[in-house]
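**Student:** I'd like to ask some things about the structure below.
No value in this document is a laboratory result; all are computed from the given coordinates. The shown structure was predicted, so the numbers you read here are calculated from the model rather than taken from an experiment.
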Amino acid sequence: MAVRAASREHGYGSQLIDLLLQKYKSKVIAAETDQEAVGFYRKYGFQIKSLGEKYPGVERFLCVYYV
C-alpha cells in the first residue's frame, strides 16, 4: 500500500486500511515497509518488528494489525 507524498496526511491510508478490514473481514493485516512509513502503521495500531537490513543500507519492518 502506498500513498503518494503529495496526498499524505489526508486520511487516505487510514481509509484504505478501514476498507480492507470491512470488505475482507480480515483478522490480521500485515505489511512490510521502510523507515519512512513505519510511523503511519504504528499510529494506526500495528505492532512493529524490525526485519533488519534486508537490502544494503535499508532497514525493513514487519507491521501487523490484529483485529
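**Student:** For segment 56-67, just list the computed ³J(HN,Hα) in residue order, Karplus coefficients 6.51, -1.76 and 1.60, θ = phi - 60°, integers in Hz, with x standing in for Gly and Pro.
**Tutor:** x, x, 10, 7, 10, 10, 9, 10, 10, 10, 9, 6
**Student:** Stretched out fully, how many nm does the piece from residue 25 to residue 51 gain, at 0.36 nm a residue minus the Cα gap? Walk me through the intermediate numbers first.
**Tutor:** On the way: separation 26, 0.36 × 26 = 9.36 nm, distance 2.69 nm.
So the extension gain works out to 6.7 nm.
**Student:** Just the C-alpha atoms of the chain: what Rg/Rh do they give, with Rh taken as the Kirkwood radius? Walk me through the intermediate numbers first.
**Tutor:** Values: Rg = 12.4 Å, Rh = 12.6 Å.
Taking Rh as the inverse mean 1/r over Cα pairs, Rg/Rh reads 0.98.
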